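The values are calculated or read from the model by the stated rules, or taken from the named source; none is laboratory data. None of the values given here were measured: they were computed from a predicted structure. A quick note on method: Cβ atoms are made from the backbone with ideal geometry, for glycine too, and the neighbour counts reach across all protein chains shown. To get the accessible areas, we keep the full protein, side chains included, count just its heavy atoms, and leave off ligands, DNA and RNA. Shrake-Rupley method; radii C 1.70, N 1.55, O 1.52, S 1.80 Å.
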Amino acid sequence: MREKSWREIPIGGMIEDAGNADTYETGSWRTYRPIWDAEKCIHCLACWIACPDSAIQLKDGKMVGIDYSHCKGCGICAFECPDKIAALEMKLETEVND
Amino acid sequence: MARRLTLSGNDAAAEAMRQIDPDVVTCFPITPQTELMHKFAEFVADGEVKAEMVLVESEHSAMSAAVGAASAGARVMTATAANGLALMWEIVYIAASNRLPIVMPVVNRALSGPINIHCDHSDTMGCRDTGWIQLYSENAQEVYDNVLQAIRIAENPDVLLPVMVTFDGFIISHTVEVLDALEDKDARGWIGDYKSTYSLLNTDEPATFGPLDLQDYYFEHKRQQIEGMNNATAVIKSVGEAYGKLSGRAYGMTENYKTDDADYVVIALGSTCGTAKVVVDEMRAEGKRVGLLKLRSFRPFPHAEIVAGLASAKAVAVLDRSVSFGAPGGPVHKEILAALNGTGHTTSIVNYLYGLGGRDISTTHIRTVFEELETVAGKSIPADEVRFIGLRG
Amino acid sequence: MPAPKQLAEREDLMSGGHRACAGCLPMTAMRQMLLTAGKDTVVGCATGCVEVVTTIYPYTAWKTPFIHNAFENSAATISGAEAAYVSLKKQGKIDKKINFVAMGGDGGTYDIGIQALSGAMERGHNMLYICYDNQAYMNTGIQRSGGTPKGTATSTTPAGKVIPGKTQFPKPLTEIMIAHDIPYVAQATPGYPKDFSDKVEKALAIDGPAFINVLTPCTRGWRYPPEQSMEYARLAVNTCFWPLFEVEYGVIKINRKPKNILPVSKWFEGQGRFRHLFKEENKGIIDEIQAEVDRKWTLLLKREEMTQA
Ligand SMILES: Cc1ncc(C[n+]2csc(CCOP(=O)(O)OP(=O)(O)O)c2C)c(N)n1
Ligand code: SF4
Ligand code: SF4
Ligand code: SF4
Ligand SMILES: [Mg+2]
């Protein structure tokens, strides 16, 4: 974001653009990356309700992927995914090829 | 049509508040402000106002709740004095920084310690750099008039800053005077409706208030605040003129009382100005060219009016009712020196400290000050020389 | 009642891109609270991790109206916003239903903000106060608070050679709020999302003040691996260190009675802040804490029974 002059910004420190932190990427903080296996997933949403970074993506109430621009790789989602299902796996960033 | 009323300063402030009828009033009692809030509480209890009164558990919460209410788009008032103002200081600063046009009568009282309930200006002078506009009042009439004007000043889009209307504890707050008030419909018309730019209650356009503002933007926000305060000078003047048309009592940044040709000028604020006017009139009758420069607005500081008001002065006495410990002179004195700096003035300026903790100041004292001025004219006075009025030696 | 499935149909009102540590459970609590409360909610938060990480200018992660004022006055600030709402509603200037939620960390609630909280609750504002309790002043570098458990190593109560961490038991804040005799008081944790969400829903539906104390593990301050945040929340419940219960108009209901109550040491294990307690010379401290947890749990069961109609 370009740094603006005092004449260009709302007074009083107001932030008018609700949720604009969305444009700030925290994905680079990751050491580990959660890899999701859509085949195994039972859409229980245990990962989604626990993610501190709103990074589990849903569509019509079902998991559809991970928002890697915000996911910090904490691993909570993989830990919460039921052991029998294990649809999420944490991999070292250095070991995944995109 | 004016209504002639007999009211104490506290009741005059409450009367203005009744006419303003803010959406929210937050308050916590402290002498000598209590009667103001008692009166307003009666208006609430009798259904004469629609204001929601939040009877908080401390002044810190009074200002905090005021900030919350103003952020929710409400017109908000509170009132306090001394220790109460000191306790809310943290949030006093935040209210100005968040650009919330809260109006707060402050009944001047000496700060503890030792604890004291009487007038001096240590409370509001301690708050002079919080970003609030400060209007000082000479008597109950001015209290009433200033409170009504403060709303228009604070809410002006070029300003959007909170305003303290100050008046001397007991001397004004508890002294009954005859004053003229506006008819309710004129007062309401004068105040008008308030519509804030942002509101917490606008859930369709949600905004964030009071974020963490670091090295990259804090400075820009302060610059905006400086601009708002700078703009306030013109707004205080135009509101004062417009109020004059409505009420017959016009106001400016200062009142330059018989200063035009004056050799000797006293500068003061608050109720002492009334005492000084009596002395000026007496001495004028004796053929002495003396005058009073009354500071009405201390923030923003009226540089231009000071320079104009002192144009003919050979010697000037600056009366301070609070101490700036370790500084050369009291807060008013320093500002006067700064205002004259670079104007090429040759006036001799003497600082007097008086009235701490409610110590009385009489016409005799002020006459003595004028007489001393006659002896110092033409002499250069060290900036750190302070004389005391009414102090036992 | 909102289980994850139902919540999934609602809008996530906390954006990504905030700056909390990876694995920060206070942020999970925020998401769950917002999913339950919905967009017509005014949120205030005291100075602390949540406020700092979500509102670094010019960014905000909040998709609801949000206000931060200072550290000790979140309750007073929201009480003012609520009063403005009441006033404007009375005047016919607004009519939609709006929820008011004030929040603070344990520092902003147990300690510096308790006066403003107590006052706002006593005045009866229609608002919910949520304490997200991560058991220390995390934002300023993990100092002890009135809510920090006994024995905890913090920056100001380090596990030293002579003094093994914090020496006092935590202040019973939830009990203090129960003593305010407000309509609704509860303890919860995002580790049990449905329970927490139910409580937020109930608290907002009730007319008058409500308070929820929410245990929110902090990976950085508690010193456990970040993926275990939810697990440490559940362990606190299943050791009965942090019972899930609610008090509605004085009637106590325990929401989870663990079938197999674990010893508190199971919750301590793996948390760096309690590591020193496992040294031989400090074992007595664990026993002492266990005895206190047992005493309180037994008492809570009795109180539940006693308050049934
Ligand atoms: C009046 C005041 N005193 C101290 C601080 C410094 N301070 C900011 S946040 C904080 C600790 C917050 O602790 P807590 O409420 O537990 O929230 P957490 O950071 O743990 O989420 C402190 C001490 C402050 N901002 N204001
Ligand atoms: S690793 Fe953490 S941040 Fe990333 S999706 Fe999983 S829970 Fe969310
Ligand atoms: S926890 Fe596992 S199974 Fe459940 S929704 Fe997430 S990935 Fe799918
Ligand atoms: S220190 Fe703890 S509470 Fe603060 S952001 Fe990090 S994990 Fe969250
Ligand atoms: Mg904390």
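A few remarks follow.
- Taking Cα atoms only, the orientation of helix B:363-376 departs from the longest principal axis of chain B by about 60 degrees.
- Element breakdown for chain B at a 1.4 angstrom probe: carbon and sulfur atoms account for 53% of the accessible area.
- Sorting the segments B:39-47, A:52-60 by their residues' average number of neighbouring beta-carbon atoms within 10 angstrom, most packed first, yields A:52-60, B:39-47.
- Under 15 Å from residue C:202, Cα to Cα: aspartates and glutamates that are on another chain or at least 8 residues apart: C:246, C:248
- Sequence ranges B:230-239, C:107-116, ranked by mean other-Cβ count within 10 angstrom, highest first: C:107-116, B:230-239
- Using the Stokes-Einstein relation with a Kirkwood hydrodynamic radius computed over Cα pairs, the translational diffusion coefficient of segment C:4-308 at 10 °C and a viscosity of 1.306 mPa s comes to 81 µm²/s.
- Rounded to the nearest 500, the helix-only mean residue ellipticity at 222 nm of chain B stands at -12500 deg cm²/dmol, with each DSSP H run of n ≥ 4 adding -39,500 (n - 2.57).
- Nearest-20 debye value, segment C:246-309 charge dipole, Cβ charges on Lys, Arg, Asp, Glu: 200 debye
- Accessible carbon and sulfur surface of segment A:25-95 relative to its total accessible area, %, 1.4 Å: 50 percent
- FRET efficiency for the pair residue B:234 and residue B:368, taken as 1/(1 + (r/R0)^6) with r the Cβ-Cβ distance and R0 = 56 Å, rounds to 0.90.
- Counting only other chain Cβ atoms within 10 Å of each residue's Cβ, the peptide A:68-79 averages 5.
- Built amide H within the under 5 Å cut-off of residue C:156, gap 5+: C:144
- Highest average first, the peptides B:77-90, B:319-332 ordered by how many other beta carbon atoms sit within 10 Å of their residues are B:77-90, B:319-332.
- Computed from backbone phi, the HN-Hα couplings of segment B:317-326 come to 10, 9, 9, 10, 9, 7, 9, 10, 3, x Hz, rounded to whole numbers (Karplus: 6.51 cos²θ - 1.76 cosθ + 1.60, θ = phi - 60°; Gly and Pro given as x).
- Among beta bridges from DSSP that stay inside chain B, the antiparallel ones total about 25%.
- Put simply, chains A and C cover up around 3000 Å² of each other's accessible surface, both sides summed, when a 1.4 Å probe is used.
- Average partner coverage of C:30-39, which counts Cβ from other chains inside 10 Å: 2
- Taking chain B as a Gaussian network of alpha-carbon nodes connected by springs under 10 Å, the highest mean-square fluctuation of the residues B:261, B:193, B:168 belongs to B:193.
- Using a Förster distance of 35 Å, the FRET efficiency for residue B:375-residue B:242 (Cβ separation, nearest 0.05): 0.20
- Rolling a 1.4 angstrom probe over the protein heavy atoms with all chains in place gives segment B:2-247 an accessible area of 32 Å² per residue.
- Here residue C:251 and residue B:6 are evaluated by their C-beta separation; at R0 = 51 Å the FRET efficiency comes out at 0.35.
- For chain C, relative contact order (Cα pairs under 8 Å, six or more residues apart, normalised by length) works out to 16 percent.
- Phi-derived couplings, Karplus 6.51 cos²θ - 1.76 cosθ + 1.60 at θ = phi - 60°, listed residue by residue for segment B:223-228: 4, 4, 5, 4, 4, x Hz, with x used for Gly and Pro.
- Cα-based Rg of segment B:120-264 normalised by 2.2 N^0.38 Å, two decimals: 1.25
- Put the Cα centre of segment C:236-309 next to the Cα centre of segment C:48-117 and the gap is 31 Å.
- Rounded is the label for segment B:254-389, because a/c, from the alpha-carbon gyration tensor with a ≥ b ≥ c as root eigenvalues, stays below 1.5.
- Percent of C-alpha pairs per 10 Å bin in the protein assembly as shown, short distances first: 3, 13, 21, 21, 16, 12, 9, 5, 2, 0, 0.
- Which of B:10, C:230, A:6, positive extreme of dipole for the protein assembly as shown (C-beta unit charges): C:230
- Vicinal HN-Hα couplings computed from phi for segment C:71-87 (Karplus, 6.51 cos²θ - 1.76 cosθ + 1.60; Hz; Gly/Pro x): 7, 9, 10, 4, 5, 5, 4, 5, 5, x, 5, 5, 5, 4, 4, 4, 5
- Among B:189, B:358, B:169, the residue with the largest mean-square fluctuation in a Gaussian network model of chain B, with springs joining Cα atoms closer than 10 Å, is B:189.
- Approximate spin-label separation residue A:17-residue B:286, in nm, with each point projected 7 Å along Cα-to-Cβ: 7.0 nm
- Residue of A:85, A:11, A:66 that the Gaussian network model of chain A assigns the largest fluctuation, springs spanning Cα pairs under 10 Å: A:11
- Loop-resident trypsin sites (Lys or Arg not before Pro) (DSSP state other than H, G, I, E or B) in segment C:149-210 with no more than 13 further Cβ atoms inside 10 Å of their Cβ: C:161.
- Think of a 1.4 Å ball rolled over the protein heavy atoms: segment A:25-95 then has 49 Å² of accessible area per residue.
- The protein assembly as shown: antiparallel DSSP beta bridges as a percent of all, rounded to 5: 35 percent
- Residues whose amide H lies under 5 Å from that of residue C:102, counting only those 5 or more places away or on a different chain, are C:44, C:128, C:129, C:130; hydrogens are built 1.01 Å from N in the peptide plane.
- Heavy-atom accessible surface that C and B bury in contact, both chains counted, 1.4 Å, Å² to 100: 3200 Å²
- Here's how it looks for residue B:267: its modeled amide H is under 5 Å from those of B:293, B:317, B:318, B:319, which are all 5 or more places away or on a different chain.
- Pairs of Lys residues in chain A that lie 8 or more places apart, or on two chains, and have C-alpha atoms under 18 angstrom apart add up to 5.
- The fraction of accessible area contributed by carbon and sulfur in segment C:208-309 is 53 percent, rounded to a whole number (1.4 Å probe; ligands and nucleic acids excluded).
- Of the beta bridges in segment C:145-272, as assigned by DSSP with both residues counted there, near 65 percent are antiparallel.
- Counting only cysteine Cβ atoms and a cutoff under 4.7 Å, chain A contains unmatched residues A:41, A:44, A:51, A:71, A:74, A:81.
- The alpha-carbon of residue C:5 sits under 14 angstrom from the alpha-carbons of these aspartates and glutamates, leaving out residues fewer than 8 places away in its chain: A:60, C:195, C:198.
- The count of lysine pairs in segment B:254-389 that are at least 8 places apart or cross chains, and whose C-alpha atoms lie under 21 Å apart, stands at 14.
- Straight-line reach from residue C:89: taking Cα to Cα under 14 Å and skipping same-chain neighbours fewer than 8 places apart, the aspartates and glutamates in range are B:23, B:52.
- Solvent-accessible heavy-atom area per residue, rounded to whole Å², over chain C at 1.4 Å: 35 Å²
- Each Lys or Arg adds one and each Asp or Glu subtracts one; over the other residues with Cβ under 10 Å from the Cβ of residue B:356, this totals 0.
- Binning the alpha carbon pair distances of chain B at 20 angstrom intervals from zero yields the distribution 29, 58, 13, 0, expressed in whole percent.
- When chains B and A come together, the accessible area they lose, probed at 1.4 Å and totalled over both chains, is close to 1500 Å².
- For the residues of B:19-29, the average number of beta carbons from a partner chain within 10 Å of their own beta carbon is 2.
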